[in-house]
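Structure, as structure tokens:
The values are calculated or read from the model by the stated rules, or taken from the named source; none is laboratory data. Everything numeric here is computed off the predicted structure, so don't read it as measured data. Glycine gets a Cβ as well: all are built from the backbone with ideal geometry, and neighbour counts include every protein chain shown.
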Amino acid sequence: MRRLWIVAVALLVLCSGAALARAHGLESTRPAKIVFVNVGQGDGVVMRIGGKIIVSDAGEHRSDVVDATLRSLDAKQIDVAILSHPHDDHVKNFQALVTTYGWKIKLAVRSQSLWWEGTKTNRKLMETLRDQNVPIRDVRAGDNFDWGGASWEILNPRSGAFLGGATDAANASIVYLLQVNGIEALFTGDIESRVAEQVADELKDRTPAAVDIFLATHHGSKEGSIAQLLDVIRPKWAVLSVGRNAYEHPSVEAIDRLKAAGASIWCTDANGSVTARISAAGTLTWRASLQRAPWWSAKARRKAGRCVGR
Ligand SMILES: [Zn+2]
């Protein structure tokens, strides 16, 4: 009888905990991993959150490393593919993931842009997704999702704002705030400063604390990671996803702004693939596949290694 009581009380505690998590729109309190894959110049992020696999951009180079990362996370499929915007350095590898490595994508979300049909590579990717019967959904500011029990709040693009061709493609980037086990991560794709100002405006009344993880805008470009945005989000950690390039990424200007905001910085060129591990209780720890120390430590005010010549 006594044992029955214990079981009943334990069940009650478990159920009310889950109800509480649901009421707050929070995750199922399972550990999560966000891997910023070393794809060279480009963005490629593979996550395991609440048992779901989300790939937020897949890069242009080193599709084998993206595939290996998926396998290292015990992925059976890609539950959600986020195609931030129609540029090769963000989405080209989805082609190889599906056709070369045989990954099944359950849902693809993409930014609202006509440029998905504007280049040969983009058209081929869209055709591949359609051939595989992958549902494709255009997302826009105001959309909210709960993939893996986490909160995904879409902040850009505004509906119909950047429908045009090549010149609009970067500003159409899906910008989102991810909250998982109390940790916040902001992804801004390759937006330019005028869009970053809008995002800063959007976030300024709603982010009480610092954002824990910030994927630096546009690989550390001069016009990205602007002060207005950093003032609002005060990132504890920034990730520069960057490799050899002709654009002088990461720029001295963006690096200086990130440092001034108090961020410690990982650089995939120096650190390799960088993994944020988020415990069920919301503790954030990091692991890097190459150099173990962050490229820039805010605490020690010290740089380690080289980030594409910086
Ligand atoms: Zn890019």
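Candidates in the range 90-118 are the residues that are under 12 Å from SER56 (Cα atoms) and assigned to a helix (DSSP H, G or I); of these, the one that is nearest to the ligand (Cβ to nearest atom) is HIS90.
Does the range 39-56 contain at least one residue that is among the aliphatic types (A, V, I, L, M), assigned to a loop (DSSP other than H, G, I, E, B), under 25 Å from HIS218 (Cβ atoms) and modelled with pLDDT of 95 or more?
First, pick out the residues of the range 39-56 that are among the aliphatic types (A, V, I, L, M): 39, 45-47, 49, 53-55.
Add one more test, that the residue is assigned to a loop (DSSP other than H, G, I, E, B), and what stays is 39.
Those still in the list that are under 25 Å from HIS218 (Cβ atoms) too: 39.
Narrowing further to those that are modelled with pLDDT of 95 or more: 39.
Within the range 39-56, one or more residues are among the aliphatic types (A, V, I, L, M), assigned to a loop (DSSP other than H, G, I, E, B), under 25 Å from HIS218 (Cβ atoms) and modelled with pLDDT of 95 or more.
Looking only at residues in the range 163-188 that are among the hydrophobic types (A, V, I, L, M, F, W, C), within 14 Å of the ligand (Cβ to nearest atom) and not in a helix (DSSP H, G or I), the one that is surrounded by the fewest Cβ atoms within 10 Å (Cβ to Cβ) is PHE187. Being of a type in the set (A, V, I, L, M), farther than 23 Å from VAL199 by Cβ, within 21 Å of the chain's Cα centre (by Cα) and not in a loop (DSSP other than H, G, I, E, B) is a description that does not apply to LEU155. In the set (1) more than 16 Å from the ligand (Cβ to nearest atom); (2) more than 19 Å from SER225 (Cα to Cα), the condition left unmet by THR121 is number (1).
Residues that are without any contact (Cβ under 8 Å) to a residue 60 or more places away in the chain and either within 16 Å of the ligand (Cβ to nearest atom) or of a type in the set (Asp, Glu) (or both) within the range 189-201 comprise ILE191, GLU192, SER193, VAL195, ALA196, GLU197, ASP201, listed in sequence order.
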